């Protein structure tokens, strides 16, 4: 039992830790270099032009604030010795800072621990503006075995560049554990072709003036001079917003893992019940001796508490270990869908440990409550009862309660989600509905035992074993009901997850099939994540698109923007030749002619919006959306809604011409090519790959293969949880059967005396267990369909704004069902065989 | 096209500057006689020269009688000859170093901060006018040659003062051409405001204090300050209550003897009263102070014996530092030096003036840095 | 009344049974013989080893030494399942606490042994009716054990013990849990049925009343048969 609690607590804890580590591995700023900034200045959209710097400097006047301009990008890292055609390269952040300016920051941070201080000691020359020199964080140095003087190649946008390592930065407690490269700012500007741009400016205050009136004064003067050009933020606010973006994802993960604990709860309940029953005479004696109810209750609860504490303790250890394993998976998912995150280990977090441990203890106490009450209420006389009386969990005696819960569940599904602005929407009511359905179905089906028995009575059976087995269902004990309920729960959850995953896969494949129609796809190497900054420059894609083997090309452009203070994307497509029609998967198609490239007479622009954008912000066809671009505010009118599973932030699509005009940038994120008839795809791909080593060029077949792989990786977590659920359920059945056998040892002895063979008894137990499993399975499957519906149409839609199609994997479910039925029956039979050898007690 | 014009303009400026300057082997201009200064143009930067500084020291007094000493120095150091001024916000041609120090006499506290920036958006020294910037420190000059100095030392000190010349600027050496060594390049152009009246505000640890006082400003332009044999210098600016000033520097050689180019100059209200060589004055330290941070052993508390142009007799002045520990440790530059506010005492021990004393080359290798 | 005991095969024969539990000798070279139709009362204090003896005689327990022949078959040579089959056919048991299967009705409880021996359905039903009638609880045939009184339950138990026409009945304190009146009725029932079907019986009891239906009485103490003692 301790192990069960440990498993449940452990899985919950490890998910929480992994999620937390992955989300917080989000190194927002160049903090690793500055050691912590006090304010951040950035534009509301797009990049900060260096042309604004003089005004900025003047605004700051003589305020004692150090300003560190930062340019950030992501690059792919090609390691020495790795094959040039490697598809996957690690993505790293590349930070450009004024290497000289940053050294001055150390004088503001009196502790001398700023990594910046290490940028060349006095007397050592700094290579200013040197295009070849790069500094590595200690993580990168360790992970990739690169040291001072070493060489490396990075893919900047679409081109590889060769750099040499100037130095390795020392490790620093604060933020120094990330993976990143540092270059002198002007060098990085030239390297990325962004000579006149910055990303943001970090402001560092003197140690003694932090957190005082200087903050307000700086904000005031800067905002006064801003004229709408820039905003000032605190690092904490930015970090919180980044955390909240992944809140929904992490919340969902946590809930799923805590449901595993719930199943374990049932198991413990059963086991504790059995305990009470077994020690009935002991309890009776205690009562005879005068023990009070309260004392009995207390001592049984104390046992449950001990179980909870020990189990939770063990669970925390297991969970911590598990988190290390899990963190890669979670971090990978977050990186792919949200933002680049670097994390090596999941750190211990006291708060999460407390939460997980507390949940484990509470669950144990909850599981122990009913049996403890049972024990306490045992009349002394019962102590000497040979026949176990019909005690047990009263809850399961009320099928009406079950029906009521189902109704409540349905009602809950109609409630809207809890939102935190537009950033995160948590389907709390959806989860509560799921719990209601879970418990309701469990109660209902356990009440169906006698019905099932009556139906089967006719079948009666020639075999005495069968008759004996079936006879137990006439008046099912609390234990039977509990077992059925537990099975319904476990099977329901497991099958529900299988259903959800299958639906997701079917939907996504359908989407992929309709959108991935091109022959060849290109993306900068190392650009795997939603926040990657690498781009395919215009001259590069124009050259590629004009290749004689290419029939048509589609370029995707996109820039992160904010709408209603929430991060989202503004995208566009270029089709070459221009006449090629667009292809979208419409959720709501445009109702009339569409022209994205020119504004309407009133100055509005037509746009398409993705489904998740519309759901998140409550927009529909015909609605207007005003966004801020570097060229000022633009009003967009939504004329079509499309499905896009690429990211959960949602996106708005405008014409390529306006987008390029507003952002001054026609570089592409991806390039898709359709080749002319008869052109061999693989040969073309290989040729282009060697011509453009900085690009990741995949054929359709290769891409599909990779997506398969991504699927497997991303959902490995849920599959593991599913396996735990099923194992726990079958274990529960086995435990229940064991308890039953123990209870019935006299009966079994009688049967033996009457001449029933061991095999006969085993067969009877197998039938009894099999039927219980069968009923539980049936209920579980029904529940899984319901849960699947809740997960897809309520929880998923509310969390992410997507519509998935409901697809039932009959084959997989049949396999799951058969597996449970067979194992359940076998386990029960085996327990029966064991039970047949128990010595009955003889009087005298 | 634009770049081409810029290039010509700079070359033009450089050309005109180089017409009056020599060119070192590295390609930098070096100071030559007859600099033919034009103001306000030559208050500004001379980027074709390797090293340039604008250097302020002074004494501040609050109404309560509380006293402070301050130093603010803006250095320019050229990385490449050719004198291209920054075209980008993050240049790679010039380095701007700056120091700011404050001596709190009552509290016996010495605070200082060093900066090192590249030329660009937040550090510059403009050509053609006096406009200096290093982060949030700045100096500007108005038409009447009044300068506004704004500075800070981390979170503890803020300074916002106006410095108005009480007498015309002085050109040291020969019309501003000052020899420092035997080599032809070991020279500088040297412009000084020996008497500036200071008024403004000092914020010291949160307390805003209106202050007045007097200051001294040096502007030196050169490409090499020291000969190979020279290890450093001792320098003092003395402002006597009778209105006269003395500027004295001792160039120390490896064998500790003063270089022949060491100078002592008396300045009156109308200008230079006279200049003397090392054989005419003596500079003796009464005691030494060892820096716990750099290990430098500084000879502080100077006994200066010098001829007085008014009468010709020798005088003894004591330059007594208000506190011993006034060293800037050179975190960013690698060159520590001592720069301290002092009282000038006569032989009877009466205070007859204020001075600032600078001692360099007692720790680290100054010669390397200067060449 | 006592049947002759020469030249007739005994129903049960035990020879020099020895059994020890945890260094304690429970059966100390016990020998025993039971003829068909013979009823024997077995008396003795608790802990004397009566139950163990019964278990060994029924083939449920194996003695450490000695032999038991039930209906001519050596129990020690049988496997567990073979022993179970033998019991099925030859043995009937009646317990103090009835030990009916709680989830079966009275009729079903009685029917169970016949199912185990593979008797055909019509035959089964006929015999069950027969015995329900014989023990006088036909009207309670659909009742579950928890719905019946002690006496009724014991009747069902007896019916169950007899339904398969065993050669031997082991009755372990059959009246121990009943009031004296009911107990008397049960004893009478046992006697008449045993006579009617010619079934031998070992009756473990503390009750003097039970002695009257038995042909002989044996006393058991400290693992062996002893001389009759006048009860204190």
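Bear in mind that the values in this text are calculations on the coordinates, not laboratory data. Model, not experiment: these values are computed from the prediction. Neighbour counts are summed over all protein chains in view; Cβ atoms, including those assigned to glycine, are modelled from backbone coordinates with ideal geometry.
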**Study point:** Residue-averaged 222 nm ellipticity for chain B, from DSSP H runs of 4+ at -39500 (n - 2.57), nearest 500
**Key:** -2000 deg cm²/dmol
Review point. What full-extension length gain, to one decimal in nm, is calculated for residue A:62 and residue A:701 as 0.36 nm per residue of separation minus the Cα-Cα distance?
Key: 223.9 nm
**Study point:** Cα gyration tensor shape of segment C:20-76, rounded if a/c is under 1.5, else prolate or oblate by comparing a/b with b/c
**Key:** oblate
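What's the extension gain from residue B:256 to residue B:144 if we count 0.36 nm per residue and subtract their Cα-Cα distance? Mind dumping the intermediate values first?
Working: separation 112, 0.36 × 112 = 40.32 nm, distance 4.29 nm.
Stretched out fully, the residue B:256 to residue B:144 stretch lengthens by 36.0 nm.
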Exercise for review: Please say if segment B:116-199 is rounded, prolate or oblate, where rounded means a/c under 1.5 for a ≥ b ≥ c the square roots of the C-alpha gyration tensor eigenvalues, and otherwise the choice is prolate for a/b larger than b/c and oblate otherwise?
Suggested key: oblate
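Based on the Cβ-Cβ distance from residue A:516 to residue B:131, what FRET efficiency comes out when R0 is 51 Å, to the nearest 0.05? Provide the component values of the computation, followed by the final result.
Values: r = 60 Å, r/R0 = 1.17.
Calculated transfer efficiency: 0.30.
What shape does segment B:214-342 take by its C-alpha gyration tensor, where a ≥ b ≥ c are the square roots of the eigenvalues and a/c under 1.5 counts as rounded, a/b above b/c as prolate, and the rest as oblate?
prolate
What number do you get for segment A:526-693 when its Cα radius of gyration is normalised by 2.2 N^0.38 Å, N = residues? Could the numbers behind the result be given before it?
Values: Rg = 16.7 Å, N = 168, 2.2 N^0.38 = 15.4 Å.
Compactness ratio reported: 1.09.
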Practice item. With just the Cα atoms of segment B:1-225, tell me how far they stretch along each of the three principal axes, in Å, largest first. Key: 55, 38, 32
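Can you work out the FRET efficiency for the pair residue B:280 and residue B:38, with r the C-beta to C-beta distance and R0 = 41 Å, to the nearest 0.05?
0.80
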Exercise for review: Could you tell me the largest-minus-smallest coordinate of the C-alpha atoms of chain C on each of the three principal axes, in descending order and whole angstroms?
Suggested key: 48, 42, 39
Exercise for review: Mind giving me the nanometre distance, one decimal, between the label points for residue B:273 and residue C:117, set 7 Å out from Cα along Cα→Cβ?
Suggested key: 14.7 nm
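Can you give the FRET efficiency to the nearest 0.05 for residue A:210 and residue A:803, using r as the Cβ-Cβ distance and R₀ = 35 Å? Could you put the intermediate results ahead of the total?
Values: r = 48 Å, r/R0 = 1.38.
With a Förster radius of 35 Å, E is 0.10.
Suppose the chain between residue A:451 and residue A:195 were pulled fully straight at 0.36 nm per residue; how much longer would it get relative to their current alpha carbon spacing?
Values: separation 256, 0.36 × 256 = 92.16 nm, distance 7.85 nm.
So the chain would gain 84.3 nm between residue A:451 and residue A:195.
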Review point. Using a basic spin-label model with each label point 7 Å from the Cα along Cα→Cβ, how many nm lie between residue C:206 and residue A:588?
Key: 8.7 nm
Review point. According to the Kirkwood expression over distinct Cα-Cα pairs, how big is the hydrodynamic radius of segment A:617-691, in Å?
Key: 15.9 Å
**Study point:** segment B:221-366, relative contact order [Cα under 8 Å, separation at least 6], %
**Key:** 21 percent
Check your understanding: What spacing in nm lies between the two simple spin-label points modelled at residue A:302 and residue B:108, each 7 Å away from Cα in the Cβ direction?
Key -> 6.8 nm
